[in-house]
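For reference, the structure is listed below as structure tokens.
The values are calculated or read from the model by the stated rules, or taken from the named source; none is laboratory data. Quick caveat: nothing in here was measured; it's all calculated off a predicted structure. For neighbour counting, all protein chains shown are included, and Cβ atoms are generated from backbone atoms with ideal geometry for every residue, glycine included. These accessible areas exclude ligands, DNA and RNA; they are computed on the full protein's heavy atoms, side chains included. Shrake-Rupley method; radii C 1.70, N 1.55, O 1.52, S 1.80 Å.
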Amino acid sequence: MKLSRLRAKYKGSHGLIALNCITACLLTACGGGKSEPEEISRSLAPAGDNRTIAYLDTGITANQCYQAGSDILISCTDSKATALNDWQDGMVGRDVTSPDAIDGALGFSFSTVGSYAKTECVKDNVTGLIWEGKPTTGTRASTSTYTNFGDNRAGDSSTYVTTVNTGSGLCGYTDWRLPNRFELQGLVNYAEVGFAKISIDTTWFPNSLGSAFWTSTGYIGNSRQAWSVNFGNGDISKHPASKGDGRGDLHHVRLVRGSAPVTTSFTFSSDGTEVTDTRTKLIWSRCSYGQTWNGSNCAGTPTKVTHEQALAAAKLNKGWRLPNIKEISSLVDGNRENPSLDGSVFPSTVGYSYWSSTPYVGSGSPQSNFVWTVDFNVGSVGALDRRATPSAVRLVRSAP
């Protein structure tokens, strides 16, 4: 499509597909200085129509999609939503391929473990992990909080792990551990966040609280801090050192057991423009929007665009999409900062906030004029940027 036609098509829609490379697609070559290139040059090859997401579904429903020129969320089958982008969060994933709530909220699937009650343990059928349930009283009470020093001192999460694994262990297992941030975020239901909300399936996890829970992932920028996942507002943050030491703050704990945390590993496409994460089976563009692959590096600087521009630009690349918040969060490397991902895999990445396709749908303010982002300076996750605030973009697609 010629640039002139793109401008005409989106004229008046909040400046959608505004100027130059912003009007094209991710990784667009700007035509060697030509102001009006005849054709859009794409570095990304078209991908097949594969909407399957292995297990990083967010819980966003089919009634929570964006339309052009508005922050009001509408049905994902509405022509106004598909016209903007027909691969939005609410249009892809397990909540579409398995549209029932029999075994958990849309996008999730849980089951009991043997004859054990849900307040003892619950299995995630998608990941295979087994999670600790929470009673209201006793040693494992849902209201109990812990520090996170990891040195087996009294009242610490490490001491709690030892206690749960004592004897025959909880549900007969003695290998319970503190989950990493990637695992714990997997339980967050982003359709249930905000004031007085609990962003987890409370049918399967009764007695849950909308509070911060410790992870085993430390913060590389300060050994006295560690990452927590908030099951009220959905944020992932390195807890501030409010008592002089962030690990000394009191948070809740939910243990997990199963395969040891898998480290991220990547394989590159033959031309170097794409990379597959073997853990998630997601295929990523190595370069951010505004950059081009020159055979060994991503040339140029990532271009920041509004969220609406990001959705529209992503639609121009068949089979590629704007990642949901769990997908883009999966790239965070806890051992790196500024940027907080592997620079050898994603070269020339700048520590910007990156858009996801996941809307903020929680109660209270902000609401749909906010959207979930990952700050790749430190790796935090939050609904902090208004949709009109320019942020960076990286495209993704699912492996066949």
Exercise for the section: May I ask you to compute the full-extension gain from I198 to T174, defined as 0.36 nm times their residue separation minus their alpha-carbon distance, rounded to one decimal in nm? Expected result: 5.8 nm
Practice task
Could you let me know the centre-to-centre spacing of region 71-86 and region 120-184, using Cα atoms, in angstrom?
Solution key: 41
Exercise for the section: Step through the residues of region 128-144 one at a time and calculate ³J(HN,Hα) from phi using the Karplus curve (6.51 cos²θ - 1.76 cosθ + 1.60, θ = phi - 60°), rounding each to whole Hz and writing x for Gly and Pro. Expected result: x, 6, 10, 10, 6, x, 10, x, 8, 9, x, 4, 9, 4, 4, 7, 5
Completion exercise
Taking region 224-334, the whole-percent share of alpha-carbon pairs separated by over 17 angstrom is 70
Handout entry: Estimated inter-spin distance, S344 and S144, nm [label 7 Å along Cα→Cβ]
Key = 4.2
Exercise for the section: Convert each backbone phi in region 331-348 into a coupling constant with the Karplus relation 6.51 cos²θ - 1.76 cosθ + 1.60 (shift: θ = phi - 60°), then list the ³J(HN,Hα) values in order as whole Hz, x for Gly and Pro. Expected result: 7, 5, 10, x, 9, 9, 8, 6, x, 8, 8, 6, x, 6, 8, 10, x, 6
Problem - Subset of K281/K304; K238/K304; K80/K318; K238/K326 violating a 22 Å alpha-carbon distance limit - result: K281/K304; K238/K304
Handout entry: Normalised alpha carbon radius of gyration of region 181-234 [divisor 2.2 N^0.38 Å]
Key = 1.19
Fill in the blank from the handout: For S270, the accessible surface traced by a 1.4 Å probe with all protein chains present amounts, in square angstrom to the nearest 10, to 130
Practice task
Amide H neighbours of D235 under 5 Å, at least 5 residues apart or on other chains, H built in the peptide plane: list them.
Solution key: N230
Handout entry: Hull shadow area, averaged, region 112-173 [alpha-carbon convex hull, nm²]
Key = 4.8
